[in-house]
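Read the figures in this text as sums done on the coordinates, not as results from a lab. Note that the structure is predicted; figures quoted are calculated from it, not measured. Positions of Cβ are generated from backbone atoms using ideal geometry, with glycine treated the same way; all protein chains shown enter the neighbour counts.
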Amino acid sequence: MTEFSMELNDDQKTLQEWVHGFAQNVMRPAAHEWDEREETPWPIIEEAAKIGIYGIDFFANAMADKSGISLMLILEELAWGDAGICMALMGTTLGVAAILANGTPAQQMEWIPQCFGTPDDIKLAAFAVSEPDAGSDVSSLRTRAIYDAATDEWVLNGTKTWISNGGIANVHVVVASVDPELGSRGQASFVVPDGTRGIRMGQKFKKMGIRASHTAEVVLEDCRVPGSCLLGGKEKLDEKLALVREGKKASSQAAMATFEASRPSVGAQALGIARAAYEYSLDYAKERKQFGRAIIENQAIAFKLADMKMHIDAARLLVWRASWMAASRKPFLNGEGSMSKLYAGETAVKVTEEAIQILGGYGYVREYPVERWHRDSKIYTIFEGTSEIQRLIISRAISGVHIR
């Protein structure tokens, strides 16, 4: 087990500086344009792929860090650059996380490279869980997967919603119900490869924030995928279903296995937004003069900034602890993964709101970035488990009681 340290090593410092440079020089100058356009920022993704920031090797090396910190550093810096562009770059990793969490080693070797493609032929991936009537309640998924033994194919039918890269991804990982009577324990994950008939994009959503990230419905209509596209394989699925039907405990269900792995990563992105707003408002408060002195000389402003910094540092500690625990394979006995996502997400909302207050009228107009950061921050209290769901997970973990 890797010893936890607050001191970054030389490799981590170099990585942080490199990604920060990309965020500062490439993402920041383009952020306003792509937020206004509400389109996938392909030129930024291409630039990231060209220099090695978007690709399988980059993320594999980051995830190989036994401290668990490297990926958190990357995500914080990218979100510091711009959360929407960050999500455009990172949306693929949700599909990758699902394949890592549920796939066999052979499936991981086959599909993960196809999620990223190459710098000359960029690919995207998507993870499709949420549905119009099943957001936080993943046990209520209506998307069905029925096995056709005659052709060794799975037939998928249903509609997914709020999907990052939905409908434009080259690889979709879809969570579907195999046995609806078993609820979340009757679900499985399926890879839907590029070019598969029966999958299409539905409505593309116009969002409050992270607008450079494509979010849309994914519609599945008699979508047939080979049996080999069932992550984990049919034998493992049949064994799990048999255990559940006998009333025995089986492995965690498909969607939650992915969310558990990604919560500290979501927290790290929220942390990047909060830090961006704090740094900007701190500089502004030092320069802005009212009544003959810089506004930071007023306790009302200085205390806001002190609180902002305190909450950001506390959020980072929670994110790093959870990522270290995950990398060290220490179980989240007290909901530590949920704590990191919950606290960082709510910190981002609060800090960006305070940044607007410090800038006053300037904070409310689009010529200044803090209003965009505030719009971007709110989704971090909603997606991949709302704040209410995170509190439910934590309270159940610390009490041992099935709180509803």
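Modelled spin labels at Asp133 and Glu297, positioned 7 Å past Cα toward Cβ, are 6.4 nm from each other. In a simple Cβ point-charge model (Lys, Arg +1; Asp, Glu -1; nothing else charged), segment 140-291 has a dipole of about 760 debye relative to its Cα centre.
Within segment 183-198, name every residue whose backbone N is under 12 Å away from a label modeled 7 Å from Cα of Thr151 along the Cβ vector. Residues passing the 12 Å test: 197-198. Within segment 270-342, the trypsin sites (Lys or Arg not before Pro) that combine a DSSP coil assignment with at most 11 other C-beta atoms in a 10 angstrom radius are Arg329. Applying 1/(1 + (r/R0)^6) with R0 = 35 Å to the Cβ-Cβ distance of Glu46 and Leu333 gives a FRET efficiency near 0.25. Taking every alpha-carbon pair under 8 Å whose residues sit at least 6 apart, the chain reaches a relative contact order of 17 percent.
Determine the sum of side-chain charges near Tyr343: Lys and Arg each +1, Asp and Glu each -1, restricted to other residues whose C-beta is under 13 angstrom from that of Tyr343. Every neighbour counted, the sum reads +3. Under a straight-distance cross-link criterion of Cα-Cα below 21 Å, which lysines are reachable from Lys236, leaving out those fewer than 8 residues away in the same chain? Those lysines meeting the cut-off are Lys248, Lys249. Of the residues Ile99, Ile51, Gly84, the one whose Cα sits farthest toward the positive end of the charge dipole of segment 18-106, with +1 on the Cβ of Lys and Arg and -1 on the Cβ of Asp and Glu, is Ile99. Taking every Cα-Cα distance in segment 10-121 and sorting them into 10 Å bins starting at zero, the pair-distance distribution P(r) comes out as 14, 46, 33, 8, 0 percent.
Taking a ≥ b ≥ c as the square roots of the eigenvalues of the Cα gyration tensor, an a/c ratio of 1.5 or more together with a/b larger than b/c marks the chain as prolate.
What you get for the chain, charging only the Cβ of Lys and Arg (+1) and of Asp and Glu (-1), is a dipole of about 1020 debye around the Cα centre. Take the Cβ atoms of Lys204 and Ile382, set R0 to 22 Å, and the FRET efficiency comes out at 0.75. Here the relative contact order of segment 254-399, from alpha carbon pairs under 8 Å that lie six or more residues apart, stands at 32 percent. In the structure displayed, which of Lys66/Lys304; Lys286/Lys378; Lys13/Lys304; Lys160/Lys234; Lys204/Lys330 lie more than 31 Å apart, Cα to Cα? Pairs exceeding 31 Å: Lys66/Lys304; Lys204/Lys330. Taking a virtual spin label 7 Å from the Cα of Asp11 along the C-beta vector, which residues in segment 65-80 bring their backbone nitrogen under 17 Å of it? Hits in segment 65-80 for Asp11 at 17 Å: 65-75. Cut-off 10 angstrom, C-alpha nodes, Gaussian network model of the chain. Which of Ala149, Ala30, Ala60 fluctuates the most? In the Gaussian network model the winner is Ala149. State the antiparallel share, in %, of DSSP beta bridges confined to the chain, rounding to the nearest 5. Taking every DSSP beta bridge within the chain, about 85 percent pair in antiparallel fashion.
Filter the trypsin sites (Lys or Arg not before Pro) in segment 108-213 to those in DSSP coil with at most 11 other Cβ atoms within 10 Å of their Cβ, and list the result. In loop regions of segment 108-213 (DSSP not H, G, I, E or B), the sparsely surrounded trypsin sites (Lys or Arg not before Pro) are Arg197, Lys206.
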